[in-house]
There are 2 protein chains.
Amino acid sequence: MSHALVAAGKSIKSVAAGKSEKEGNRGRKVSGGMGEKQGGNFFIPGFMFSGISAGIKEGEERDLALFYSVTPATAAGVFTTNRVKAAPVLVDRMRMRKGRCQAIIANSGNANACTGERGMRDARAMADATAEALGIPGELVLVSSTGVIGKPLPIDKIVSRVPSLIGNLSSHALSDAVEAIMTTDTFPKVKMEKCSMGDREIRICGVAKGAGMIMPRMATMLCFVMTDAAIERACLQKALSDAIEVTFNRITVDGDTSTNDTVLVLANGMAKNRVISLNSADYSPFRDLLISVLLELAKMVVKDGEGATKFIEVRVEGARSEADARKVASSVANSNLVKTAFFGEDANWGRIAAAIGRSGVPINPNTFDILLNHVPVTVGGMGTNEALQGEADQVIKGNTITVTIRLHQGNAHTSMYTCDLSIDYVKVNAHYRS
Amino acid sequence: MSHALVAAGKSIKSVAAGKSEKEGNRGRKVSGGMGEKQGGNFFIPGFMFSGISAGIKEGEERDLALFYSVTPATAAGVFTTNRVKAAPVLVDRMRMRKGRCQAIIANSGNANACTGERGMRDARAMADATAEALGIPGELVLVSSTGVIGKPLPIDKIVSRVPSLIGNLSSHALSDAVEAIMTTDTFPKVKMEKCSMGDREIRICGVAKGAGMIMPRMATMLCFVMTDAAIERACLQKALSDAIEVTFNRITVDGDTSTNDTVLVLANGMAKNRVISLNSADYSPFRDLLISVLLELAKMVVKDGEGATKFIEVRVEGARSEADARKVASSVANSNLVKTAFFGEDANWGRIAAAIGRSGVPINPNTFDILLNHVPVTVGGMGTNEALQGEADQVIKGNTITVTIRLHQGNAHTSMYTCDLSIDYVKVNAHYRS
């Protein structure tokens, strides 16, 4: 595991769980910040957590996690679009059909992908052992795995540790559980928000892991969201799908999509709010709160991008359609040449121009502008003067940079979030299995 | 500029011009190998070359080249599909309309892209100064540039050096001209083939530069092909377009497409063969000879991929259609995670499986096989036994590796050629302009 390089003596990794946070709620109507902490942990009524070592990874690192609701929760999920789906993804998709879930068992160190029938048996065995020990139906337990692809899961080790996993359940142990799903992550990713809903207050807390194989549809490898809100199942699924579209589907680290990507939301209704439905006035605030949590987690994933030293927002404005804006943003955000230039702190906007031009969108090469933060480096498809280029050279030394691309073809706009491509990205990934 | 890393003490860069060559003509009906050399240079009847320093690059490196035919030649060209096209590309596309060309002037060190009207004037001035000094019509001179995007061309320096450039013309100076179009290339790329055509012999000699921004449509940044064959213009254009499809459009280094990609072919008819037309029996042999030259140049570009330590052929078999095969091959060949694993000599086939799964092709996750050279690492979507994985660990230490993917869905197949993603790729590109 490699730690992110630090530019200008200051880590960009300040948005870790429990640390102070500079990027706020971007004007959303939410009252919470990093969320209420109790005993150093995040508290969501009715949820308990556990994270232990089961010997899946080498050494004593935590690698087995449990997320548990004291009552069966309404559940929604979104899974990888990769045709090669890991066994736990296939198992969860079947178990999700009834839209109820009470526990999620997850391991790191092994993805249980490309493992055939044995993988399917192992995934079910992992969930069923948990259900049995908890005394709940097997269909209420979901399962997730992350790590190396193509190796059989050490299922006996895992099953033998389930009692201990359950024995450690605590409403204050979220940090243990999050730690147990980390792979190349260099910091845990947790975000909690709350808001009023009628005379009640609801909370949404999300955790995520992921630092590589990050590319829309989907982005993060694993993300579990827990809320005490009462909400109808179809409504929860729609809120999740809509939220994914503007959060995890807007980030990219390396253009690779994992076999295991999973986002699950459990809503246990302990807040006793009026049940949220698609037609109720509470739907929009709930969806916006969910977006707020997922956007922050998505940004944390990018900031923790393998070897990343810079967080880059690629904002495209003045496109004919949002689809056009996304194509252009994606082309720029996924360009290795653009990303290595950022790593080298070289304001080489010609590479951005080339990426815009190859996006497949019929842009006008004589009208587009490029800005690095507030500094125009390209106007009308041409470079600006040396004074402005000099300013851009300073901008690119920062840890957080916004690339704004103005196409002057319409009114549609979008943003994508990415990071630079560093020597450490190659190092991390050249020897991941070794 | 960085030199390629050398694995196992042996450079993969053995296919440089003038060096002995291990990869032959792959059974094509051609008699030539690296082509006949005269005085350490490649000789094509009626063509002359020059390469000098004009001070565009720093230092004394050659950066200005001239390719000249003693008689006006039939010309064909293929240009970048990038919407942001460099000025010389725009100029050439107009001048190519008549299908005749007698000289190509080309510079490295500056791409003359994103330079607006001034760029257009500079590109025309560069060509017209050459035409004037050669005493030929301006419309017979084409122009190419490669290097940094977005800086004005030092046109006065270039124009002032045109007489000297012409003064150095020689039929034995191809290596000077090739050197003058190199940027991050670590070796010159030249390939010559010849074959009988009736009672005559024709030659095709191609030169290329390019090591980054390599991605289909198009691949290389600049490629000039000279032949003494007599051939109709439409026929030459079709042969070129068909040849590009199976050569430069099958390679990728970093997924980026340049603003300057240009392939030009000049056929001056000095071989006095019966003029080749689309209906003549000589068309296929000519096209195949052209493919042979361009395929070798395309492979050289990949072998010289920025920071590359390994040459990788991704071969997809058993696809439903060639389009499907290409999607799968492209997904694997462009995966940063796959490419870094090769750099790390880690036979991490799970990443190949994930790239296959995210290609957009509806593959069957339970039937695909993956082989590294002859060693099956994945059969029916699952890993093979430890003995075979151990063999794969040895295969991946080699400099040239074929990844064969069998989809078992049909009979279509294709190959793409790529290289690994190394620490040096990042280094080369982080500080390209500095």
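Taken together, the values in this text are just the output of simple stated rules run on the coordinates, not laboratory data. Since the model is a prediction, treat every value here as computed from it, not as a measurement. For neighbour counting, all protein chains shown are included, and Cβ atoms are generated from backbone atoms with ideal geometry for every residue, glycine included.
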Note to self: To check you understand DSSP bridge types, tell me what percent of the beta bridges within the protein assembly as shown (both residues inside) are antiparallel, rounded to 5.
What the structure shows: 70 percent
Next item on the list: Would you be so kind as to identify which of A:141, A:81, A:294 lies farthest towards the positive end of the dipole of the range A:37-303, taking Lys and Arg as +1 and Asp and Glu as -1 on Cβ and the Cα centre as origin?
Entry: A:81
Margin query: Can you find, among B:328, B:66, A:126, the residue sitting farthest towards the positive end of the charge dipole of the protein assembly as shown, where Lys and Arg contribute +1 and Asp and Glu -1 at Cβ?
Written below: B:328
Next item on the list: Could you calculate the FRET efficiency of residue A:81 with residue A:321 from 1/(1 + (r/R0)^6), where r is the beta carbon distance between them and R0 is 25 Å, rounded to 0.05?
Entry: 0.70
Notebook entry, point to check: For residue B:245 and residue B:70, FRET efficiency with R0 = 30 Å and r from the beta-carbon atoms, rounded to 0.05?
Noted result: 0.45
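Please report B:278, B:297 as a ranked list, fewest other C-beta atoms within 10 angstrom at the top and most at the bottom.
Ascending number of Cβ neighbours within 10 Å: B:278, B:297.
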Next item on the list: Please label the shape of the range A:320-391 as rounded, prolate or oblate, based on the square roots a ≥ b ≥ c of the eigenvalues of the alpha-carbon gyration tensor (a/c under 1.5 means rounded; beyond that, a/b larger than b/c means prolate, else oblate).
Entry: oblate
Notebook entry, point to check: Can you give the alpha-carbon Rg of the range B:78-135 over 2.2 N^0.38 Å, where N counts its residues?
Noted result: 1.12
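With the contact rule set at Cα under 8 Å and sequence spacing of 6 or more, what percent relative contact order holds for the range B:37-303?
Values: 700 pairs, mean separation 64.5, N = 267.
With pairs under 8 Å counted, the relative contact order is 24 percent.
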Next item on the list: Between residue A:397 and residue A:120, with labels modelled 7 Å along Cα→Cβ, what's the label distance in nm to one decimal, could you check?
Entry: 5.9 nm
Check: Assigning unit charges at the beta carbon (Lys, Arg +1; Asp, Glu -1) and nothing else, what dipole magnitude in debye, to the nearest 20, does chain B show about its Cα centre?
Finding: 740 debye
Checklist line | Long-range amide H partners of residue B:230 with built H, under 5 Å | finding: B:269, B:271, B:272, B:273, B:276
Checklist line | Pairwise label distance in nanometres, residue A:367 with residue B:164, each label 7 Å out on the Cα-Cβ vector | finding: 4.4 nm
Next item on the list: Classify the protein assembly as shown as rounded, prolate or oblate, taking a ≥ b ≥ c as the square roots of the eigenvalues of its Cα gyration tensor: rounded when a/c is under 1.5, otherwise prolate if a/b is larger than b/c and oblate if not.
Entry: prolate
Next item on the list: Could you work out how far the C-alpha centroid of the range B:328-386 sits from that of the range A:274-292, in angstrom?
Entry: 42 Å
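When you look at the Cβ of every residue in A:82-91, what mean number of other chain Cβ atoms sits within 10 Å?
On the way: counts 8, 13, 15, 2, 2, 0, 0, 0, 1, 0.
The shielding value for this peptide is 4.
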Margin query: To test your reading of the geometry: what angle, between 0 and 90 degrees and rounded to tens, separates the Cα axis of helix B:155-167 from the longest principal axis of chain B?
Written below: 80 degrees
Notebook entry, point to check: Based on Cβ point charges of +1 for Lys and Arg and -1 for Asp and Glu, what charge dipole magnitude is obtained for the protein assembly as shown about its Cα centre, in debye rounded to the nearest 20?
Noted result: 1280 debye
Checklist line | C-alpha long axis of helix A:116-134 to longest principal axis of chain A, angle in ° | finding: 60 degrees
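Taking 20 °C and 1.002 mPa s as the conditions, I'd like the Stokes-Einstein D for the range A:37-303 in µm²/s, using the Kirkwood hydrodynamic radius from alpha carbon pairs. Could you put the intermediate results ahead of the total?
Numbers: Rh = 17.9 Å.
For these conditions, the coefficient is 120 µm²/s.
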Margin query: Please report the antiparallel percentage of DSSP beta bridges with both residues in the range A:311-430, rounded to the nearest 5.
Written below: 70 percent
Next item on the list: State, to one decimal in nm and shortest first, how far the label point of residue B:387 sits from each corresponding label point in the other identical copies (label point: 7 angstrom along Cα-to-Cβ).
Entry: 7.5
Check: Roughly how big is the range B:311-430's charge dipole about its Cα centre, with Cβ charges of +1 (Lys, Arg) and -1 (Asp, Glu), in debye to the nearest 20?
Finding: 400 debye
Notebook entry, point to check: Using a Gaussian network for chain B with springs between C-alpha atoms less than 10 Å apart, which of these wobbles most: B:209, B:194, B:327?
Noted result: B:327
Next item on the list: With unit charges on the beta carbon (Lys/Arg positive, Asp/Glu negative), name the residue among B:174, B:53, B:230 whose Cα is farthest towards the positive pole of the charge dipole of chain B.
Entry: B:230
Margin query: Using a 7 Å offset from Cα along the direction of the beta-carbon, what are the separations from residue B:245 to the same position in each other copy, nm, ascending?
Written below: 3.8
Margin query: Can you tell me the orientation of helix B:283-303 relative to chain B, as the angle in degrees between its alpha-carbon axis and the longest Cα principal axis, to the nearest 10?
Written below: 70 degrees
Next item on the list: Treat the range A:311-430 as a sphere of radius equal to its Kirkwood radius over Cα pairs and apply Stokes-Einstein at 10 °C in a medium of 1.306 mPa s; give the translational diffusion coefficient in µm²/s, rounded to a whole number.
Entry: 112 µm²/s
Next item on the list: Compute the label-point distances linking residue A:93 to its equivalents in the other copies; points lie 7 Å from Cα along Cα→Cβ; give nm, one decimal, shortest first.
Entry: 4.3
Notebook entry, point to check: Rounded to the nearest 5, what is the percent of antiparallel bridges among the DSSP beta bridges in the range A:37-303?
Noted result: 75 percent
